[in-house]
1. Using a 1.4 Å probe, what is the accessible area per residue for segment 55-133, in Å²?
2. Rounded to two decimals, what is the ratio between the C-alpha radius of gyration of segment 55-133 and 2.2 N^0.38 Å?
3. What's the carbon and sulfur percent of segment 55-133's accessible surface, probe 1.4 angstrom, rounded to a whole number?
Amino acid sequence: MGKEGLGLSALSNPAEVFCSVPGRLSLLSSNSKYKVTVGEVQRRLSPPECLNASLLGGVLRREICKEFVDLVSQDRSPLGGSRPTPCLEPGIQGSLTHFSLLTHGFGTPAICAALSAFQSYLMEAIKMLDKGEGGGKSHHDKDLKHRK
């Protein structure tokens, strides 16, 4: 996957914020996030660092996924007789309410559940990558050893 695959070629301003990510070593109770600029992503993908675009994509999919789950979980669409007080911008809440009405109230919880499962998968995949990079043997290496 090249830079175009991440949509970076369309963004020409290197100072523009691409996304916000939590620190790798941040505590669960810590809400501090770091802004990642387009220029930083381009620098990481370019020589000499040449960060693997698929690895970077996985990290960004995780930050983007969490932010989307956080947004959708703030949905205050009317459900049954309840009329919760909206906390999102009217345009965003209106779209979520329309989606909720189309899915009879099941759409938002279904998306939250699916994205939470996807987030868990990404977290486990990152843990496996971290173990492999930390000098530990991967499952693939162990399988090859047992086959010999």
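The values are calculated or read from the model by the stated rules, or taken from the named source; none is laboratory data. Please read these numbers as outputs of a predicted model, since none were measured by experiment. Side chains included, ligands, DNA and RNA excluded: accessible areas come from the protein's heavy atoms. Shrake-Rupley method; radii C 1.70, N 1.55, O 1.52, S 1.80 Å.
1. Numbers: 5010 Å² over 79 residues.
Using a 1.4 Å probe on heavy atoms only, each residue of segment 55-133 averages 63 Å².
2. Details: Rg = 15.6 Å, N = 79, 2.2 N^0.38 = 11.6 Å.
Dividing the Cα radius of gyration by 2.2 N^0.38 Å gives 1.35.
3. The C+S portion of the solvent-accessible surface of segment 55-133 is 67 percent.
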